[in-house]
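**Q** Structure incoming, see below.
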Amino acid sequence: MKITDICKQKRSTERYNIYIDDSFSFSALAEDIIKYNIKISNEYSKDELNDLIKKCEYDKAYEYALKILSIRDFSVNDLKNKLKTKNYSEYTIKGVTQKLKSYDLLNDEKYANKLINDSLELKKDGINKIKYQLKSHGIENNIIDNIKIDNKKECENAHDIALKKYKLIKGKGNEKGKLYRYLSSKGYEYDTIKKVINEIIKDADDEELK
């Protein structure tokens, strides 16, 4: 099998289409052309060609992974799923994720800690919702089981959002039930919800008695 043509892709100045025996075979990065000495008239056995295609696919996947990781963080599972949508082989996906993990560019513990921090500081979610989100991103149970939540901060968040909700529903009936459903939907546990609702209702009653 012989390389009969190498053409630059129209939509990318860094990628080339490689033709074997006058038919498109695979694409390669510009640096792959140099690294693997890909030239017109090069001849390969079937095994040699398959090995070359695997190397070029790996490099393409790794470049893509670095690109999207520079935009936002990914869990290992999410990145694997993203690579799957690009139809990379399981062999390539496994190799790319392992390399990224070895450089600490892909780290589920760091990802989990950032998600927890964002959930507490920005979204004001409760522990149950935080755990659900971690599971949805494929974070392993041993990491989830070891997460540490600032209980004081969580209670303060629950109180803040519940108070805002209470001001909207006050006087419209069944305030306690509405607050319970709201805080439950935000992922707070029963004990926290009960404590916060009692505090808010008591403070409201005390204010009315003044």
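**Q** Explain nothing, just the number: relative contact order of the range 109-209, from Cα pairs under 8 Å at least 6 residues apart, as a whole percent.
**A** 32 percent
**Q** Could you tell me which of the pairs K131/K164; K99/K148; K124/K153; K110/K186; K129/K152 are separated by over 19 angstrom between their Cα atoms in the structure shown?
**A** K131/K164; K99/K148; K110/K186
**Q** Okay, moving on. Give me the angle, in degrees from 0 to 90, between the Cα long axis of helix 127-136 and the longest principal axis of the Cα atoms of the chain, rounded to the nearest 10.
**A** It works out to around 20 degrees.
**Q** Of all trypsin sites (Lys or Arg not before Pro) in the range 24-91, which ones are in loop regions per DSSP and have a Cβ with at most 13 other Cβ atoms within 10 Å?
**A** Answer in residue order: K39, R72, K86.
**Q** Still on this structure, please answer the following. Whole-Hz ³J(HN,Hα) for each residue in the range 64-76, computed from phi via Karplus 6.51 cos²θ - 1.76 cosθ + 1.60 with θ = phi - 60°, x for glycine and proline: what do you get?
**A** Rounded to whole hertz, the list is 5, 4, 4, 5, 6, 6, 6, 8, 7, 7, 10, 7, 4.
**Q** With +1 on the Cβ of every Lys and Arg and -1 on the Cβ of every Asp and Glu, and nothing else charged, how large is the dipole of the chain about its Cα centre, in debye rounded to the nearest 20?
**A** Value, rounded to 20: 700 debye.
**Q** In the range 137-192, what trypsin sites (Lys or Arg not before Pro) fall in a loop by DSSP, with at most 14 other Cβ atoms inside 10 Å?
**A** K148, K170, K172
**Q** Got the relative contact order for the range 3-106 handy, in percent, Cα pairs under 8 Å and 6 or more residues apart?
**A** Worked out over the range 3-106, it gives 19 percent.
**Q** Using only Cα atoms, find the angle between the long axis of helix 190-209 and the longest principal axis of the chain, and express it within 0 to 90 degrees, rounded to the nearest 10.
**A** So the inclination is approximately 40 degrees.
**Q** Here is a further query. Among the aspartates and glutamates, which have Cα under 17 Å from the Cα of K80 when same-chain residues fewer than 8 positions away are ignored?
**A** E57, D59, E63, E90, D104, D108, E109, E140
**Q** Run the dipole for the range 90-210 about the Cα centre, Lys and Arg Cβ at +1, Asp and Glu Cβ at -1, nothing else charged, and hand back the magnitude in debye, nearest 20.
**A** 400 debye
**Q** I'd like the FRET efficiency for D73 and N50, computed as 1/(1 + (r/R0)^6) with the beta carbon distance as r and R0 of 22 Å, rounded to 0.05.
**A** The pair D73/N50 has a calculated efficiency of 0.05.
**Q** With an 8 Å Cα cut-off and a minimum separation of 6 or more residues, compute the relative contact order for the chain in percent.
**A** Computed value for the chain: 13 percent relative contact order.
**Q** Here is a follow-up. Please list 3J(HN,Hα) in residue order for the range 137-145, calculated via the Karplus relation 6.51 cos²θ - 1.76 cosθ + 1.60 where θ = phi - 60°; whole Hz, with x for glycine and proline.
**A** 9, x, 5, 5, 4, 5, 6, 4, 5
**Q** Helix 175-185 versus the longest principal axis of the chain: what is the Cα-based angle in degrees, 0 to 90, to the nearest 10?
**A** 20 degrees
**Q** Return the long-range amide H neighbours of T4 (sequence gap of 5 or more, or a different chain), with a cut-off of under 5 Å between placed amide H atoms.
**A** Here Y19, I20, D21, D22, S41 satisfy the definition.
**Q** Pull out the extension gain between L66 and I6, defined as 0.36 nm times the separation in residues minus the alpha carbon to alpha carbon distance; nm, one decimal.
**A** Length difference between fully extended and current span is 19.0 nm.
**Q** Compute the semi-axes of the equivalent ellipsoid of the range 3-106, taking the square root of 5 times each eigenvalue of the Cα gyration tensor, and list them largest first in whole Å.
**A** 27, 14, 11
**Q** Continuing with the same structure: Go ahead and run the numbers for FRET between Y190 and K82, Cβ-Cβ distance against an R0 of 35 Å, rounding to 0.05.
**A** It comes out at approximately 0.45.
Bear in mind that the values in this text are calculations on the coordinates, not laboratory data. Keep in mind the model is a prediction, meaning the values are calculated, not measured. We place every Cβ from the backbone using ideal geometry, glycine too, and count neighbours over all the protein chains shown.
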